[in-house]
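Comments concern the structure below.
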Amino acid sequence: MAHLDIDFIRSQFPAFAEAPLQGQAFFENAGGSYTCGAVIERLTRYYKQRKVQPYYPFAASRLAGEEMDEARSRLSAVLNIEADELSFGPSTTQNTYVLAQAFGQMLKAGDAIIVTNQDHEANTGPWRRLAAQGIEVREWQVDEVGHLEPAALAGLLDEKVKLVCFPHVSNLVGEINPVAEICAMVRAAGAYSCVDGVSVAPHGLPDVGGLGADIYLFSAYKTFGPHQGIMAIKRALADVLPNQGHYFNAGVRYKRFTPAGPDHAQVAACAGMVDYLDAVHTHHFGAEPDAAARGRAVHEMNAAHEGELLSPLIDYLRGRNDVRLLGPQSAVGRVATVSVVANKPGYALAQALVPEGIMAGGGDFYAVRLLEALGVEPAHGALRLSFVHYTHADEVQKLIGALDKVL
Ligand SMILES: Cc1ncc(COP(=O)(O)O)c(C=O)c1O
């Protein structure tokens, strides 16, 4: 397998050359990644040349519409789904509120749904509100280390359950849940699955088709793109879920769950996410006609790089007896989202890291239910150190040195 060329990778992100960011190692990627140059170029071109109502016959409008379609078709090819199974919305949170509204219209009192307490609030709170309509809400709970055990889900599934919502990876504990296995269980029980992939997509675009989720969600702005939420909804489900868009658009699958007019420029700029992926693929592997195969190759290469950087950080944190490392205790089975609970509150630690040239976050990360389940006071919170494939090994060493000073 090709070894990631870190200089090439970083050359694709204008942020690394910007003066205000020099000397600062970025460890809050789970909150929002740097944007790749290809996306910024498309966004800029759209605003300069195509900022008109799309899909009319004049050139600027036609090109605007074509670029929006290009974003949908090229991203869906990488994700291994049909182009009309992908839609864009303002954010993953707004997308789940729309989807919860649709399920609320389809389900009836007495039906049940399952949510977790491992999720970011975006994929649990909107669903829990269906309880007000008489829908039974069951909670698939984490164990004492924040792990979601599939066997515990099995005990909650029965013929009343119509939907199971869970994360691919928690934005706090970072553990990779066995999504394909869980979706198969859910399907066998006659229910739909809704998977929050926001915390995993930045570590490699997933093979959504292969995972078998009925709904798969992630956020482009954490995946080197513009501020958009991306929804993959299987045709069979999209066709039976009540339309949330204008009535005359009900026949256009990808418009059914985007009630607001989309942000045209940002939708178009999402094509830049695939430009970037393709540039990385070509640089490291050469030509490959299959988009999903390109996605998989880059995913594996990035994961290997992140794993190499993750091990020393995990080893360092495990070697300290004054911090509690949340989630898996090794670099295996997790992504590079590392949260620790220390004597000082998470936010205070993030503040202490600023003069050390480390950009990190501290707090509850909207995973309040998970912190509570782990016995951590949400106001005390955790320090989260999250990185992606563009992170340099030297930055991890710098982080370890800084942690030595502030913890
Ligand atoms: C795991 C996870 N799910 C959902 C969200 C919400 O995404 P958005 O900001 O696009 O609404 C976040 C944001 O931090 C997240 O980390």
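When D119 is tested against (1) assigned to a loop (DSSP other than H, G, I, E, B); (2) in contact (Cβ under 8 Å) with a residue 24 or more places away in the chain; (3) farther than 20 Å from L217 by Cα, just one condition goes unmet, and that condition is (3).
Candidates P167, P206: the one that is within 16 Å of the ligand (Cβ to nearest atom), open to solvent by less than 40 Å² (accessible area, probe 1.4 Å) and in contact (Cβ under 8 Å) with a residue 60 or more places away in the chain is P206.
Among helices (runs of 4 or more DSSP H) entirely within the stretch 312-407, having at least 2 residues that are of a type in the set (K, R) singles out 393-406.
Considering only the stretch 89-119, state which residues are open to solvent by 50 Å² or more (accessible area, probe 1.4 Å) and under 21 Å from the mean Cα position of the chain (by Cα). Hits for the stretch 89-119 are P90, T93, Q94, Y97.
If you filter the stretch 61-99 down to residues that are out of contact with any helix residue (DSSP H, G or I) (no Cβ under 7 Å at 6 or more places or on another chain) and charged (D, E, K, R), you find that the one that is farthest from the ligand (Cβ to nearest atom) is R62.
Among the residues here, Y247 does not qualify as hydroxyl-bearing (S, T, Y), at negative phi and either touching a helix residue (DSSP H, G or I) at 6+ places or on another chain (Cβ under 8 Å) or open to solvent by less than 30 Å² (accessible area, probe 1.4 Å) (or both). Considering only residues that are closer than 13 Å to D84 by Cα and away from the ligand (no atom under 12 Å from the Cβ), which ones fall in the stretch 216-248? Passing the criteria: A232, I233, K234, R235, A236, L237, A238, D239. Residue pairs whose Cβ atoms lie under 7 Å apart, sitting 6 or more positions apart in sequence or on different chains, and linking a residue in the stretch 215-227 that is of a type in the set (A, V, I, L, M) and open to solvent by less than 10 Å² (accessible area, probe 1.4 Å) to a partner that is assigned to a strand (DSSP E or B) and within 7 Å of the ligand (Cβ to nearest atom), are L217/D196; L217/G229. Looking at G361, G381, just one residue is in contact (Cβ under 8 Å) with a residue 60 or more places away in the chain, closer than 18 Å to S170 by Cβ and of a type in the set (G, A, S), and that residue is G361. Answer with yes or no whether L349 is open to solvent by less than 30 Å² (accessible area, probe 1.4 Å), more than 21 Å from N177 (Cα to Cα) and either of a type outside the set (K, R) or over 22 Å from the mean Cα position of the chain (by Cα) (or both). Judged against the criteria, L349 is a match.
If the condition is being within 15 Å of the ligand (Cβ to nearest atom) and open to solvent by 10 Å² or more (accessible area, probe 1.4 Å), then the stretch 172-195 contributes E175, I176.
Can you pull out every residue in the stretch 100-124 that is within 19 Å of A152 (Cα to Cα), within 16 Å of the ligand (Cβ to nearest atom) and of a type in the set (A, V, I, L, M)? Selection gives V115 alone.
The values are calculated or read from the model by the stated rules, or taken from the named source; none is laboratory data. Source: prediction; values computed, not measured. Because the Cβ atoms are built from the backbone with ideal geometry, glycine has one as well, and the counts that use them run over all protein chains shown. Each accessible area value is taken on the protein alone, full model and side chains, heavy atoms only, with ligands, DNA and RNA left out. Shrake-Rupley method; radii C 1.70, N 1.55, O 1.52, S 1.80 Å.
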